[in-house]
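Any read-out appearing in this document is the output of simple, stated calculations on the displayed coordinates, not a laboratory observation. Just so you know, these numbers come straight off a predicted model, no measurement behind them. Note that each Cβ is placed from the backbone with ideal geometry, even for glycine, and that neighbours are counted across all protein chains shown.
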Amino acid sequence: MKTRQISTAIGLGLLLSAISSQAAEPSPVIENLKPLQTGIGNWEAQFQDETFGPVQAKMTSRPDTGGATLDERWELLKDGQSVWTARVIYFWHVETKSIHYVYFASDGAHAAGILAKSSANEWIWHVSGYDNEGRPTTAICRGALEGNNKFTVRFTSQFTAGDPQPDSQLYTFKRVTGAGAERK
């Protein structure tokens, strides 16, 4: 489904949208993943999903494998019930000297991508994979950090089986807990 493809792409990139080079604590990740450490924690958003209607999105990001990877767990909830989950793993690709990721979703969609930083608080990434119907997909995404507790993301240049798809809505995520979270 197209919506799940968009949700899949969100899962691939949301952590990267929350990037900041400022860290208050020592990094729990390897040197090459330090730009992602501000995204560690729990994030939430609410939006209108094309398949499920109004949903709550939850994402948890944490270091894994001794800090050599970052592991994101995604979940879409409809009326408090899980309707979609995904896992994203970020890693340093030694040969290309860049951050890559792989993505797997509960509906069968899967993808991989590469990241590029475009400014101090914005990242661009390329997503390439297959949707839950086995059709090839690709997208370009831009995400921006607004302070340490909010980020936005939008998907553009989306194609499914070679057919252009409309740009996504602007998704806004807020930090619940984790690195940089405001203390109350």
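Summary table
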| quantity | calculated |
| --- | --- |
| Sequence of 176, 94 once ranked by neighbouring C-beta atoms within 10 Å, starting from the fewest | 94, 176 |
| Charge tally in the Cβ shell below 9 Å around residue 142, where Lys, Arg are +1 and Asp, Glu are -1, residue 142 excluded | 0 |
| Phi to ³J(HN,Hα) by Karplus 6.51 cos²θ - 1.76 cosθ + 1.60 over the stretch 118-132, Hz, x for Gly, Pro | 9, 7, 4, 10, 10, 10, 10, 9, 10, 10, 9, x, 9, 7, 6 |
| Mean-position separation - Cα centroids, the stretch 91-125 and the stretch 74-89, in angstrom | 20 |
| FRET efficiency estimate (nearest 0.05) - Cβ-Cβ, residue 97 to residue 62, R0 30 angstrom | 0.80 |
| Neighbour-count order for 91, 155, fewest beta carbons within 10 angstrom listed first | 91, 155 |
| Taking the stretch 87-150 and dividing mean pair separation by its residue count, relative contact order in percent (alpha carbons under 8 Å, at least six apart) | 22 |
| Rounded to whole Hz, the Karplus (6.51, -1.76, 1.60) HN-Hα couplings of the stretch 44-56, x for glycine and proline | 9, 8, 10, 7, 8, 8, 5, 8, 9, x, x, 9, 10 |
| Cross-link table 117/174; 97/174; 58/150; 58/78; 34/117, entries beyond 18 Å C-alpha to C-alpha | 117/174; 97/174 |
